[in-house]
Amino acid sequence: MRTLCLNELELSIVKKDLIKQRNNGIIDKEVISWAESIREADRIVIAAPFWDMSFPAALKNFFELCSIFDVTFKSDDKTCYGNCRAEKLLYITTRGMNISTGDELEQATPYLKALSWLWGIGPLEVISAQNMDYVSEEEIEIRIEEAIKNGLEAVRSF
Ligand SMILES: Cc1cc2nc3c(=O)[nH]c(=O)nc-3n(C[C@H](O)[C@H](O)[C@H](O)COP(=O)(O)O)c2cc1C
């Protein structure tokens, strides 16, 4: 099992120069190793807070770095297709406001579903706790406990 903590990683931003290097086959070895870990994983778990109606930009940055042709996805003469093994993706999050998974204001899961399709990763399962910034400390604990219970239940068949 490999755990990547984005706060501890040096994430370069994917800009023109990096794309140019990538097109010339120059890709940072560590970045390749992240992408290969994603490709080879049986299961993937993402834990990230809900920021600005989605997940933090650092995670999007990480996805862009790891979206590497011939590693996480491939392409034929018509379209791209996934190259990853994982049959399931679990996404765990907490939201400050009272916004539910699937609400149109919740823009993290639609993106994760689309990226899963691109990379060929199986269905997305979501564990969330919401309204966390507007309830008492006691209620926060109850919601966290509930999320942990749901998570443990989900991983039984994960
Ligand atoms: C930078 C930042 C942006 C946030 N944006 C949102 C938001 O758009 N919607 C929301 O419901 N909560 C938002 N929140 C609140 C967090 O989702 C909420 O506090 C969450 O429980 C944080 O989880 P953590 O304690 O694990 O960091 C934001 C928090 C921060 C720090």
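The values are calculated or read from the model by the stated rules, or taken from the named source; none is laboratory data. In this text the structure is predicted, and so the values were computed from the model without any measurement. Glycine gets a Cβ as well: all are built from the backbone with ideal geometry, and neighbour counts include every protein chain shown. The protein model used for the area step is the full one, side chains on, heavy atoms only, and it has no ligands, DNA or RNA in it. Shrake-Rupley method; radii C 1.70, N 1.55, O 1.52, S 1.80 Å.
Scanning the stretch 109-120 for residues that are surrounded by 18 or more Cβ atoms within 10 Å (Cβ to Cβ) and under 11 Å from the mean Cα position of the chain (by Cα) returns T109, L112, L115, S116.
Whenever a residue of the stretch 76-91 is within 21 Å of I46 (Cα to Cα), its partners that are of a type outside the set (G, A, S) and at pLDDT below 95, lying with C-beta atoms within less than 6 angstrom and at least six residues away or across chains, give the pairs K88/F158. Among the residues of the stretch 49-63, those that are within 25 Å of I19 (Cβ to Cβ) and touching a helix residue (DSSP H, G or I) at 6+ places or on another chain (Cβ under 7 Å) comprise S54, F55, A58, L59, F62, F63.
Mind checking whether some residue in the stretch 40-49 is under 24 Å from R156 (Cα atoms), small (G, A, S), assigned to a loop (DSSP other than H, G, I, E, B) and under 12 Å from the mean Cα position of the chain (by Cα)?
Within the stretch 40-49, one or more residues are under 24 Å from R156 (Cα atoms), small (G, A, S), assigned to a loop (DSSP other than H, G, I, E, B) and under 12 Å from the mean Cα position of the chain (by Cα).
Looking across the stretch 50-93, the residues that are open to solvent by 60 Å² or more (accessible area, probe 1.4 Å), of a type outside the set (A, V, I, L, M) and within 10 Å of the ligand (Cβ to nearest atom) come down to W51, D52.
Looking at the stretch 134-158, which of the residues that are assigned to a loop (DSSP other than H, G, I, E, B) and under 23 Å from R85 (Cα atoms) is least open to solvent (accessible area, probe 1.4 Å)? So the residue we want is F158. Scanning the stretch 109-133 for residues that are in a loop (DSSP other than H, G, I, E, B), within 16 Å of the ligand (Cβ to nearest atom) and touching a Lys or Arg at 6+ places or on another chain (Cβ under 8 Å) gives Q130, N131, M132.
Take the conditions (1) open to solvent by less than 20 Å² (accessible area, probe 1.4 Å); (2) within 12 Å of the ligand (Cβ to nearest atom); (3) within 27 Å of R22 (Cβ to Cβ); E106 misses just one of them, which is (3). In the set L90, L118, L105, L124, only one residue is aliphatic (A, V, I, L, M), in contact with a Cys (Cβ under 9 Å, 6 or more places away or on another chain) and modelled with pLDDT of 95 or more; that residue is L118.
Can you name the condition, by its number, that G102 falls short on among (1) at positive phi; (2) in contact with a strand residue (DSSP E or B) (Cβ under 7 Å, 6 or more places away or on another chain)? Of (1) at positive phi; (2) in contact with a strand residue (DSSP E or B) (Cβ under 7 Å, 6 or more places away or on another chain), only one is false for G102: (2). Look at the stretch 20-46: where a residue is under 11 Å from R85 (Cα atoms) and a partner is open to solvent by less than 70 Å² (accessible area, probe 1.4 Å) and basic (K, R), sitting 6+ places away or on another chain with Cβ atoms under 6 Å, you get R43/K88. The requirement of being outside any helix (DSSP H, G or I), touching a helix residue (DSSP H, G or I) at 6+ places or on another chain (Cβ under 8 Å) and within 16 Å of the ligand (Cβ to nearest atom) is fulfilled nowhere in the stretch 11-30; no residue meets it.
Here S128 clears all of (1) within 23 Å of V155 (Cα to Cα); (2) open to solvent by 50 Å² or more (accessible area, probe 1.4 Å); (3) hydroxyl-bearing (S, T, Y) except the condition numbered (2).
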